[in-house]
1. Which of the residues that make up segment 154-169 are among the aliphatic types (A, V, I, L, M) and farther than 19 Å from LEU108 by Cβ?
2. Does LEU234 fit the bill of being closer than 19 Å to LYS89 by Cβ and hydrophobic (A, V, I, L, M, F, W, C)?
3. Name the residues in segment 120-153 that are aliphatic (A, V, I, L, M), in contact (Cβ under 8 Å) with a residue 60 or more places away in the chain and over 17 Å from SER38 (Cβ atoms), would you?
4. Quick one: ARG232 ticks every box in (1) under 24 Å from the mean Cα position of the chain (by Cα); (2) outside any loop (DSSP other than H, G, I, E, B) except a single one, so which number is it?
5. Give all pairs with beta carbons closer than 9 Å in which a residue from segment 232-260 that is among the basic types (Lys, Arg) meets a residue that is at pLDDT below 95; count only pairs at least 6 apart in sequence or on separate chains.
6. Report whether or not LEU91 is assigned to a helix (DSSP H, G or I) and either touching a residue at least 60 places away in the same chain (Cβ under 8 Å) or in the same structural domain as SER15 (by TED's automatic domain parsing) (or both).
7. Among all residue pairs at least 6 apart or on different chains, which show Cβ distances below 6 Å where the first residue, located in segment 262-274, is touching a residue at least 12 places away in the same chain (Cβ under 8 Å) and the second is charged (D, E, K, R) and assigned to a helix (DSSP H, G or I)?
8. Can you tell me which residue in segment 187-198 is surrounded by the fewest Cβ atoms within 10 Å (Cβ to Cβ), limited to those that are touching a residue at least 24 places away in the same chain (Cβ under 8 Å), assigned to a loop (DSSP other than H, G, I, E, B) and out of contact with any Gly (no Cβ under 6 Å at 6 or more places or on another chain)?
Amino acid sequence: MTGYSRNNQSGVVFSRVDREDVRGPQHIKEHTLLYIASGRAEVVFNGRHTPLEAGDCVFLRKDHRVVLDAWSPQGDMPFRSIALFFCRKFLLSYFRSLSKEYLPLDVLPQDDAVLKIPAGPSLESLFLSLTPYLDSSDALPEEVAWQKRREGLRCILSADRQFYASLFDFTQPWKIDLLSFMEENYMYDLSLPELARYTGRSLSSFKRDFKKISELTPEKWIVRRRLKEAHRLLSESDCMVSEAMLESGFKDPAFFSRAYKGFYGYCPRETPPA
């Protein structure tokens, strides 16, 4: 896109918009701390608009989709932003360095995916030290990027104790409950690696934890749960077979019909009323 640049320097991303408005859906794959150096932006999540001015900072939770609108007001400087990305490996390393006796074990994760971080000396100092790299061709040294991301994490955790539960959801007591997550998301087309990541686990840890709650494999559990939902829809409402199939998460009519008959002993269209 004309007038747009994005430079990722070891997890610190410098972005710039010179002439055009940039708007579109963004999949937040990693926890992100976004700072607006100049220009304006707006983040939309679940119908709620969060406007951002120069100097504002916002935390974006991983595994959510938001709409980001960034622009440069006429006559102002170009839109520029600095984003710090926190991958699982980085968060694990940071968590191991924490003194566990002071962890706020009573907090719960935030429900919102977009949270503004109040301004403060530590936050202002952090991004002031990174601003020169916005317009420089010099590379940000990897060790400096690592340190700045650690500073960013400290700012986030200082802003609200609840961030501990959101950032460190790979460990107790904040580990995401597998059964609750599966019940809420069985109808979506998620791969096993995605399910593991979304629940704050490695793939091997996900499979190991799932064995504790079900004798079925995750794939078979999902198929069975979808079949039960399709059966509920067909027996308790005037739902058509095709509608029940799609609403429960199935995509292939032949597979759905075969699996349904194999589980219930009759075809979907023969489902008796409740």
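The values are calculated or read from the model by the stated rules, or taken from the named source; none is laboratory data. In this text the structure is predicted, and so the values were computed from the model without any measurement. Here the Cβ is made from the backbone with ideal geometry for all residues, glycine too, and neighbour counts use every protein chain on show.
1. Keep residues of segment 154-169 that are among the aliphatic types (A, V, I, L, M), which gives 156-157, 159, 165, 167.
The answer is none; no residue qualifies.
2. Values: closer than 19 Å to LYS89 by Cβ: no; hydrophobic (A, V, I, L, M, F, W, C): yes.
Judged against the criteria, LEU234 is not a match.
3. The answer is ALA139, LEU140, ALA145, LEU153.
4. (1)
5. From residues that are among the basic types (Lys, Arg), the pairs are ARG232/ALA274; LYS251/ASP189.
6. Working: assigned to a helix (DSSP H, G or I): yes; either touching a residue at least 60 places away in the same chain (Cβ under 8 Å) or in the same structural domain as SER15 (by TED's automatic domain parsing) (or both): yes.
For LEU91, the condition - assigned to a helix (DSSP H, G or I) and either touching a residue at least 60 places away in the same chain (Cβ under 8 Å) or in the same structural domain as SER15 (by TED's automatic domain parsing) (or both) - is met.
7. Pairs found: ALA274/GLU236.
8. From segment 187-198, those touching a residue at least 24 places away in the same chain (Cβ under 8 Å) are 187-189, 192, 197-198; that's our starting set.
Those still in the list that are assigned to a loop (DSSP other than H, G, I, E, B) too: 187-189.
Next cut, out of contact with any Gly (no Cβ under 6 Å at 6 or more places or on another chain) only: 188-189.
Values: TYR188: 11, ASP189: 8.
Across segment 187-198, the extreme among qualifying residues is ASP189.
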